[in-house]
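Here is the structure we will look at, set down as structure tokens.
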Amino acid sequence: MSDHLKPIVEALIFASPDPVTPRTLYKLLESEPREDVDAALAAVRADYERPGGLQLVEIAGGYQIVTRSDLHEWVRKLFHERTSQKLSVQALETLAVIAYKQPVTAPEIAEIRGVSSSSGVLQTLIERKLIKTVGRKAVVGRPFMYGTTREFLDRFGLNDIADLPKVEELSDALGFELPAGLAEPTVTTSPLPFDAAPDEAPKAETPAEDETTVH
């Protein structure tokens, strides 16, 4: 392995705002043998196994250098003023329903959550790039189906949807009870089309309204 590759690989991963995949490294370092790039990546991973404030993690099929999870409370204090980036309880609940039940339609989300409208919240999550339309359901009206994005995996430190915690554990972490229907298992037979363009890109299926409890 060429010794100069290791710091280059580390610098690329550190500088990138998104997880860096091996494929990206091969493209950026196309003049280098792939086995040397792999060896450099392995060396960087070995370096970050030591105790320290940073760690190399595998997220969304790529690698990213992040702060250690046990230090998140300190880092959170640094960014405490960024309150505008926080999601509301309604948005977090809707995001949880989509994550555990995807692909899922707006009416199905409303039924699980027990509210009559989720369109405003859905639009917020789409704008934050946490969810996207992944197709239409083959029923009357052909409503859009929603699924999570790679940005969602990245934001929540997940490598795959299968890494989602149990609903009870997530409820404890969020500090509020999630809809009981989330505990029912959902079987997904194939990976969601993260990179596939939807049929259309709606802002919302219905005008945003205040959420009201379904009786």
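The values are calculated or read from the model by the stated rules, or taken from the named source; none is laboratory data. Since this is a predicted model, take the numbers as computed values, not measurements. Here the Cβ positions follow ideal geometry from the backbone for every residue, glycine too, while neighbour counts run over all protein chains shown. Side chains included, ligands, DNA and RNA excluded: accessible areas come from the protein's heavy atoms. Shrake-Rupley method; radii C 1.70, N 1.55, O 1.52, S 1.80 Å.
Relative to the current alpha-carbon distance between GLU151 and GLU49, full extension at 0.36 nm per residue lengthens the span by 34.2 nm. State the answer as a single residue: which of LEU153, THR133, PRO165 lies farthest towards the positive end of the charge dipole of the stretch 128-175, with beta carbon charges of +1 for Lys and Arg and -1 for Asp and Glu, about the Cα centre. Looking along the dipole axis, the top candidate is THR133. TYR100 contributes an accessible area of around 40 Å² to the protein surface, as traced by a 1.4 Å probe with all chains present. Accessible surface of the stretch 1-66, 1.4 Å probe: 51 percent of it comes from carbon and sulfur atoms.
Computed extension gain for LEU87 through ALA138, at 0.36 nm per residue and net of the alpha carbon distance, reaches 15.2 nm.
As a calculated quantity, the FRET efficiency between ALA39 and ASN159 at R0 = 22 Å, using C-beta atoms, amounts to about 0.50. Protection proxy ranking for 104-110, 48-54, using the average of other Cβ atoms within 10 Å per residue and placing the highest first: 104-110, 48-54.
Per-peptide packing, taken as the mean over residues of other Cβ atoms within 10 Å, places 146-152, 163-169 in the sequence 146-152, 163-169 from highest down.
Over 26 Å between Cα atoms: which of LYS101/LYS129; LYS132/LYS166; LYS6/LYS129; LYS6/LYS86 fall into that group? Where the Cα-Cα span goes over 26 Å, the pairs concerned are LYS6/LYS129; LYS6/LYS86.
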